[in-house]
Amino acid sequence: MASQEDEPTIARLEVACKDLKSLLRKSADLDRNMEKMDKRFDLIDQSLSLASRRIAPLQSMVMANKALDTRINRAITPALSLIHSFRLFESLQADIVDLSARLSDEVAPSLNWLERLLEYINCVDQLNTAVRSISEEGEPAIQKLQEVVEFLSRTKATDNFRTHRLRETLVTLKALYETEVDAMRFEGLLDEALLQLQDEYEGLLQQLKHENVREAEECGDGKVAGSELGSDQEVEALRRISETLAANDCLDICIDIFIKVRYRRAAKALMRLNPEYLKTYTPEEIDKMEWESLETAITLWIQHFELALKTVLVSERRLCNQVLGGLMDGLVWPECFVKIADKIMAVFFRFGEGVARSKKEPQKLFKLLDMFDSLEKLKAEFIQIFEGESGTDICIRFRELEKLLVAASSKVFWEFGLQIEGNSDGLPPPQDGSVPKLVRYAINYLKYLVDETYSGPMAKVLQTEQVWRAGILSKPELEEDLLRDAVSNVMEALQRNVESKRGRYKEKILPHVFAMNTYWYIYMRTRNTELGKLLGEKYMKKGYKVVAEESAYLYQKQAWGSLVRLLEAKADDPGNKTRASARMEAFLNGLEEASQKHRSSYAIPDADLREQIKEATVKLVVPAYAEFVSAHGSVLKEGSYASADSIRELLSQVFEGGDGEGDGKRPRRRGSRGGGSGGAVDGDGKDFRRSRSDVSDLLI
């Protein structure tokens, strides 16, 4: 049983033994094969080492040839590029000649002409690029080519034929560069093209005109703004030409052309306004001008100054920026614009300065204020137009002109007050007691000054002058208060002038007539006006109305009071015929004398005042006369006295300027005593002596 169980195991072991023997035999075979492979690899390695040693010199020669080829190529490539630039230059020259001919065939500045011009500019730019390329690349290319020729000649790295060809190429390029490059840059077709561009530049600039200057003057409202000078194509062409000229060292020429042409165009546009007045600008010449001519000239100056700034110079500034804005990072165009504007504005400035420095006459104040006000309104826009460092000088001159106008306006105003107070008119007081011309002139002058047109500028002038005197850090007064104080000073000077004239009368009634007329005129002409509102009703009543009322009272007292006193009841016997007749005769003689005096020597020009004085005089004299006739009619001789109605009619004619019946003779006598009694007014025996309050009530 045991032997039977061991048989499969033995069989398996035998099989395994056979397999192991087979594996050992194969391993031995593999080992022998590996040894054979090692021997073969050793043979191959020996062969490769031998081959490597044999081809090493060839490899060195290949690397040397490659390095030589690279060196030659580095030397020849710039030369080839230089030759290409020469060929491009020749091609562009032909294109420029062709475009120049085609450009001359077009009508400038048509759209086709502008397109041709832009093509021409592009071609000139390309030609300039080619010339610059030749100029910049020539010397390095020749230098490298010369180095490689010397190297090949020294090292014999190539055959003599190739070295000779390279040497000939070097000589040719060097000679061409030395003889042609300067001619290309300064004497050749490029120079001619640049000259033509300068001509086209100047011609195109001359074509850009200001078309709306006359239109703006006719509008007269200053609302017309600067127009665009030229189309987009024209501006683009000018910009391109400017850049091309600047790129070819012609920037100075470009700027000179631009300034010269645009100044002439701007000046010519303003000359269409016919500013002949600007030729007279020194203070001495202005003093010799007729006032009407000077007034017109100043009005035109204000209009033309605004037009020059808002239309011409705004347009020129925009054109400068569009055409020259790309040059030197935008530093060129402001300088060019200021050079154009400075020549134009200088003409306006010197006229304004001449007016400000001329004689300080009263009538000039309003035109000086017009000039100052116009500059104030334009100040912000002026500073904006001439902003930057380049416009500093012209802005300074603008401010200096404003200062001159402020000083001149202030001086004219204050001297006007001094002239009034000093009785500068040099004339005696009016012989008839009427209102002096100086008073009429002064009141109208001040009314005009404080009107809305001039009150603002005048107040601004006074405030500016106060700041100058007190310093910038001081707190300025309100403009209205300054104007009120200034006008009050002139009014007080006028009052002192009136009182001075009043004291020069030798006759006792005329001073009161004069004062009554003058102060009433001042009050009535200022009431309900801007002047009256500025000074205040209280001020005007106290200073002028009350004085006029007092003068009216004194006038009545002096002129008619003595006549009324002749008729007043006295302690003597009312039945005394002799005394009553004498008093009546004295009254009629005095009345006739007073009437003649009023007709020949006294004047009350104001109709309303004259009517009030007439009514007051009639109310004073006629009742007193009627009462006297009623009281003494029985003792008076029939026909020796006039009726109360005749007296009233006579007084009315006196104040109405008439001569009365009888051509200045005594009033018509009564025909009967009974008529005299019937003509009496309300025989209630009143006392007709006047008081100041009575007269004050009349002059309302």
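Quick look at the values:
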| quantity | calculated |
| --- | --- |
| Matching residues in the range 84-115 - criterion: being closer than 24 Å to residue 249 by Cα, in contact with a helix residue (DSSP H, G or I) (Cβ under 8 Å, 6 or more places away or on another chain) and not aliphatic (A, V, I, L, M) | 85, 86, 89, 93, 95, 100 |
| Selection within the range 329-347 - aliphatic (A, V, I, L, M) and crowded, with 20+ Cβ neighbours inside 10 Å | 332, 338, 340, 341, 345 |
| Pairs where the first residue, in the range 383-410, is in contact (Cβ under 8 Å) with a residue 40 or more places away in the chain and the second is crowded, with 16+ Cβ neighbours inside 10 Å and of a type in the set (S, T, N, Q), C-beta under 7 Å, 6+ apart | 406/464 |
| Single residue of 658, 685 found to be over 26 Å from residue 431 (Cα atoms) and either modelled with pLDDT under 60 or of a type in the set (A, V, I, L, M) (or both) | 685 |
| Boolean, residue 216 is at pLDDT below 90, small (Gly, Ala, Ser), in contact with a helix residue (DSSP H, G or I) (Cβ under 7 Å, 6 or more places away or on another chain) and not assigned by TED's automatic domain parsing to the domain that holds residue 93 | yes |
| Residue that is more than 18 Å from the chain's Cα centre (by Cα) and within 29 Å of residue 402 (Cα to Cα), where the choices are 302, 255, 259 | 259 |
| Residue within the range 295-303 that is under 14 Å from residue 344 (Cα atoms) and touching a residue at least 40 places away in the same chain (Cβ under 8 Å) present | yes |
| Checklist (1) of a type in the set (S, T, N, Q); (2) exposed (fewer than 13 other Cβ atoms within 10 Å of the Cβ); (3) at pLDDT below 80 applied to residue 600, failing item | (3) |
| Pair list, Cβ under 7 Å, 6 or more apart: the range 110-123 residue assigned to a helix (DSSP H, G or I), other residue among the β-branched types (Val, Ile, Thr) and surrounded by fewer than 14 Cβ atoms within 10 Å (Cβ to Cβ) | 113/107 |
| Unmet requirement for residue 451, which otherwise passes all of (1) outside the structural domain of residue 517 (by TED's automatic domain parsing); (2) among the acidic types (Asp, Glu); (3) in contact with a helix residue (DSSP H, G or I) (Cβ under 8 Å, 6 or more places away or on another chain) | (1) |
| Any hit, the range 433-440, residues being part of a loop (DSSP other than H, G, I, E, B), in contact (Cβ under 8 Å) with a residue 40 or more places away in the chain, touching a Leu at 6+ places or on another chain (Cβ under 8 Å) and not polar (S, T, N, Q) | yes |
| Top-ranked residue of the range 319-346 - restricted to ones that are among the charged types (D, E, K, R) and touching a helix residue (DSSP H, G or I) at 6+ places or on another chain (Cβ under 9 Å), ranked as nearest to residue 250 (Cα to Cα) | 335 |
| Extreme residue, modelled with the lowest pLDDT, among residues of the range 458-473 that are charged (D, E, K, R) and under 18 Å from residue 373 (Cβ atoms) | 465 |
| Meets criteria (modelled with pLDDT under 90 and either under 30 Å from residue 552 (Cα atoms) or out of contact with any helix residue (DSSP H, G or I) (no Cβ under 8 Å at 6 or more places or on another chain) (or both)) for residue 476 | no |
| Conditions (1) in a loop (DSSP other than H, G, I, E, B); (2) modelled with pLDDT under 90: number failed by residue 418 | (1) |
| Counted residues, the range 226-260 - those being in a loop (DSSP other than H, G, I, E, B) and small (Gly, Ala, Ser) | 4 |
| Every pair of residues 6+ apart whose Cβ atoms lie under 6 Å, when the first sits in the range 501-520 and is in contact (Cβ under 8 Å) with a residue 12 or more places away in the chain while the second is of a type in the set (S, T, N, Q) and part of a helix (DSSP H, G or I) | 508/558; 509/558; 512/551; 515/551; 516/551 |
| Enumeration of residues in the range 503-531 that are in contact with a Pro (Cβ under 7 Å, 6 or more places away or on another chain), surrounded by 18 or more Cβ atoms within 10 Å (Cβ to Cβ) and not polar (S, T, N, Q) | 505, 514 |
| Unique match (being under 44 Å from the mean Cα position of the chain (by Cα), of a type outside the set (A, V, I, L, M, F, W, C), assigned by TED's automatic domain parsing to the domain that holds residue 462 and not in a helix (DSSP H, G or I)) among 489, 528, 497 | 528 |
| Residue in the range 445-454 that is among the basic types (Lys, Arg) and modelled with pLDDT of 90 or more present | yes |
| The range 274-299, residues that are aliphatic (A, V, I, L, M) and either surrounded by fewer than 17 Cβ atoms within 10 Å (Cβ to Cβ) or under 22 Å from residue 338 (Cα atoms) (or both) | 278, 289 |
| Looking only at the range 348-398, and only at residues there that are surrounded by fewer than 16 Cβ atoms within 10 Å (Cβ to Cβ) and among the aliphatic types (A, V, I, L, M), the one that is nearest to residue 266 (Cα to Cα) | 383 |
| Residue that is farthest from residue 312 (Cα to Cα) [pool: residues in the range 223-252 that are among the hydroxyl-bearing types (Ser, Thr, Tyr) and over 24 Å from the mean Cα position of the chain (by Cα)] | 244 |
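This table checks each residue for (1) under 17 Å from residue 199 (Cβ atoms); (2) at pLDDT 80 or above; (3) buried (at least 19 other Cβ atoms within 10 Å of the Cβ); (4) touching a strand residue (DSSP E or B) at 6+ places or on another chain (Cβ under 9 Å).
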site: 87; (1), (2), (3), (4): no, no, no, no
site: 95; (1), (2), (3), (4): no, no, no, no
site: 107; (1), (2), (3), (4): yes, no, no, no
site: 114; (1), (2), (3), (4): yes, yes, yes, no
site: 122; (1), (2), (3), (4): no, yes, no, no
site: 126; (1), (2), (3), (4): no, yes, no, no
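The values are calculated or read from the model by the stated rules, or taken from the named source; none is laboratory data. As the structure is a computational prediction, the values presented were derived from the model and not from experiment. When we count neighbours, we look across all protein chains shown, and the Cβ atoms used for this are built from the backbone with ideal geometry, even at glycine.
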